[in-house]
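Input: a single structure, listed below in structure tokens.
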Amino acid sequence: MNSFSPNMLKTFEACPQKYYFKYIQKISMPQKTSFFERGKKVHALANYYLRGDNIDKLETTLNKDEKAIWDTLKQNEFFKKSYINSEYNLSCKIGSYWIGGRIDALMEDNTDSATSAERTYYILDYKTGSIPQNPEYDYQTMVYLLCASKIYDSNLKFIYIDLKNNQNCIIDFTPDKEKEYEKRIIKICDKITNFQSLEDIEYSKICEFCEYRKICI
Ligand code: SF4
């Protein structure tokens, strides 16, 4: 059975019709790539750097803006913690649904003295654009924290690193959140699974920026 990624859940919530085009009919539409290029470059660089690869040559290919963003990330207190893994696929089963996706990086405290139950693990997500409007209940946050909690039975935090404003948004994972996250994930997965009709779709403001606009409206 396929697993639901945060993007799939977000897409369905924003517009079931778009979900249908993208994930059921598997129609891919061209998008403006320049917007994503900078983010992709910094993510790739971060991955090589954390893995311990030599990135000297790659660093010379960065333009001024990219270099400033990359320097901000390198100085970030969470990015400097102990590395566990990066571009790391996580998945888990919630209710009868598989969910999962790829996280930017997983780090832990820089301390040897703590036992594994005392350690804190950090899921990092670097944003070169904006961070989610409701980060605590964003599907990305909920999916990755739930998946990581099945592996790491200790303190877990999700960190959005806002590189544009050089700020961190820190979300703690608690037993109450775990219950709430599970409830929300099951609810949206149920909706997707039981979704049948495309007739009652309403056009809205988001249609203006939708890549499927030409074939939808
Ligand atoms: S154009 Fe509007 S209704 Fe159609 S898929 Fe896009 S967001 Fe959904």
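Which ³J(HN,Hα) values, rounded to whole Hz and listed in residue order, are derived for region 15-21 from phi using the Karplus coefficients 6.51, -1.76 and 1.60 in 6.51 cos²θ - 1.76 cosθ + 1.60 with θ = phi - 60°, glycine and proline given as x?
With coefficients 6.51, -1.76 and 1.60, one gets 6, x, 5, 5, 4, 4, 4 Hz.
Straight-line reach only, C-alpha to C-alpha below 27 angstrom: list the lysines that residue 26 could link to, leaving out same-chain residues fewer than 8 apart.
Candidates past the 8-residue exclusion: 10, 18, 40, 41, 93, 127, 187, 191, 205, 214.
With the dipole of the chain worked out from charges on the C-beta (+1 for Lys and Arg, -1 for Asp and Glu) around the Cα centre, which of 68, 130, 19 lies farthest toward the positive end?
19
For the chain, modelled as a GNM with alpha-carbon contacts under 10 angstrom, which of 107, 142, 29 fluctuates the most?
With Cα springs under 10 Å in the chain, the top fluctuation among 107, 142, 29 is at 29.
Take the chain, connect every pair of alpha-carbon atoms lying under 10 Å apart with a spring to form a Gaussian network, then pick out the residue of 137, 83, 203 with the largest mean-square fluctuation.
Between 137, 83, 203, it is 203 that shows the largest mean-square fluctuation.
Can you tally the net charge around residue 172? Count Lys and Arg as +1, Asp and Glu as -1, for every other residue whose Cβ sits under 14 Å from the Cβ of residue 172. Walk me through the intermediate numbers first.
Details: positive: 157, 177; negative: 136, 176, 178, 180.
Once positives and negatives cancel, what remains is -2.
In a Gaussian network model over the chain where Cα atoms closer than 10 Å are linked, find which of 191, 57, 67 has the largest mean-square fluctuation.
57
Round to the nearest 10 and report in Å² the accessible area of residue 102, as given by a 1.4 Å probe over the protein chains' heavy atoms.
Rounded to the nearest 10, that gives 130 Å².
Percent relative contact order of region 6-216, based on C-alpha pairs within less than 8 angstrom and at least six residues apart? Display every interim value, and only then the final one.
On the way: 268 pairs, mean separation 41.9, N = 211.
Value for region 6-216: 20 percent.
Treating the beta-carbon of each Lys and Arg as +1 and of each Asp and Glu as -1, no other charges, what is the dipole magnitude of the chain about its Cα centre, to the nearest 20 debye?
Details: 31 positive and 31 negative charges, 141 e Å.
That gives a dipole near 680 debye.
The values are calculated or read from the model by the stated rules, or taken from the named source; none is laboratory data. Everything numeric in this text was worked out from a predicted model, so none of it was measured. Heads up, the Cβs are rebuilt from the backbone with ideal geometry, glycines too, and the neighbour counts pull from every protein chain shown. Quick note on the areas: whole protein, heavy atoms, side chains included, nothing else; ligands and nucleic acids left out. Shrake-Rupley method; radii C 1.70, N 1.55, O 1.52, S 1.80 Å.
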